[in-house]
Amino acid sequence: MTEKRPIFAVAPMIDWTDRHCRYFHRQISRQALLYTEMVVADAIIHGPRERLLGHDAAEHPLALQLGGSDPAKLAEAVKIAEPYGYDEINLNVGCPSDRVQSGTFGACLMLTPETVAECVAAMKAVATAPVTVKCRIGVDEQEPEEALPELITRVLDAGADAIWIHARKAWLKGLSPKENREIPPLDYEIVYRMKQRWPDVFIGINGGIRTLDEAAQHLAHVDGVMLGRAAYQNAAILADIDRRFFGAPAAEPDWQALCDRMMAYAERHIAGGGRLQQVARHMVGLFTGLPGARRYRQILSTDAAKNGAGPEVLAAAFAAVDFSGIEPEAVSA
């Protein structure tokens, strides 16, 4: 993660970036760094490991995000995850949900940077993949200009390979997780200042980024950019990632090929006992703004949820979209 080529990532999102979502996103961008949902260390140690850690080989490059505050448990989780071959192990120091607060991890850890450093050191001691941290600029009444540099200093001293910064504070009391993504003001400049202070460290930015133009602007100041809901809710934005940020040749997206690949994937999933809806729910926002997108959404939202629904539902949904006369940029803007 210390290389200085630009990195574009899709953020880890609980209940969203599961293995089906990641496989779908990977069919649109070959280069974007994808993240798992946050997985709690205790769950990996005591829970269904294959369900929590298993993924398709096509998902790489792929990062595993861990939640926890016990260095020994996090180290054990990293050792258990090792055979699954993740390209990065990320520690969550930014999620403000009640669930992580009750477990005193996530954004709560901003208040105890020494604990974060101990966790990173323990993870680094057993990991072969890079170990990174994703944090906020501060929590509650913290002064970000003091809290953020202290956290970064400690985790770098502990061996962290990269820092991803969500450019908002988190308010642990009084705001819901959704409000914490929207109400605290964005402060991109402080992230830029952290990069200036640590020019040789990979520092990536997250929070409120909606378009590839905005992403490109941030990459003039930092090493990586991470989109969350914008990439999920309109996955077609990923179609221009490889050309724009990784130097791939310009090519018009082959939506029929995407449909065929997702049908084959859905068929394998259903054959293994899964349901089409588990795959299709991540695809609903793909063609936002195109003629036929409303019918596309209707088919995926209703027909895919029916008992016994098969891959042919995906074919019917794609057939509802009118691609004629549409410039490639129209679906990746």
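The values are calculated or read from the model by the stated rules, or taken from the named source; none is laboratory data. Remember, it's a predicted structure, so these values are computed and weren't measured experimentally. Please note: Cβ atoms are built from the backbone with ideal geometry, for glycine as well, and neighbour counts cover all protein chains shown. To get the accessible areas, we keep the full protein, side chains included, count just its heavy atoms, and leave off ligands, DNA and RNA. Shrake-Rupley method; radii C 1.70, N 1.55, O 1.52, S 1.80 Å.
List of remarks:
- In segment 155-182, the residues that are in a loop (DSSP other than H, G, I, E, B) and touching a residue at least 12 places away in the same chain (Cβ under 8 Å): ALA158, GLY159, ALA160, ASP161, TRP171, LEU172, LYS173, LEU175, ARG181
- Selection of segment 39-79 for residues being in contact with a helix residue (DSSP H, G or I) (Cβ under 9 Å, 6 or more places away or on another chain), surrounded by fewer than 17 Cβ atoms within 10 Å (Cβ to Cβ) and under 26 Å from PHE202 (Cβ atoms) yields ALA58, HIS60, LYS79.
- Annotation note: Cβ proximity below 6 Å between a residue of segment 226-254 that is surrounded by fewer than 21 Cβ atoms within 10 Å (Cβ to Cβ) and a residue that is of a type in the set (Asp, Glu) (sequence gap 6+ or interchain) occurs for ALA248/ASP242.
- Some residue of segment 203-213 being open to solvent by 10 Å² or more (accessible area, probe 1.4 Å), assigned by the TED database to the domain that holds GLU150, in contact (Cβ under 8 Å) with a residue 12 or more places away in the chain and among the acidic types (Asp, Glu): no
- Output for segment 278-298, where each listed residue is open to solvent by 10 Å² or more (accessible area, probe 1.4 Å) and on the phi < 0 side of the Ramachandran plot: GLN278, ARG281, VAL284, GLY285, THR288, LEU290, PRO291, ARG294, ARG295, ARG297, GLN298
- The one condition in (1) at pLDDT below 95; (2) open to solvent by 70 Å² or more (accessible area, probe 1.4 Å) that ALA271 fails to fulfil: (1)
- Restricting the first member to segment 30-43 and to residues that are over 13 Å from ASN90 (Cβ atoms) and among the β-branched types (Val, Ile, Thr), and the second to residues that are in a strand (DSSP E or B) and modelled with pLDDT under 95, no beta-carbon pair is closer than 7 Å while six or more apart or on different chains.
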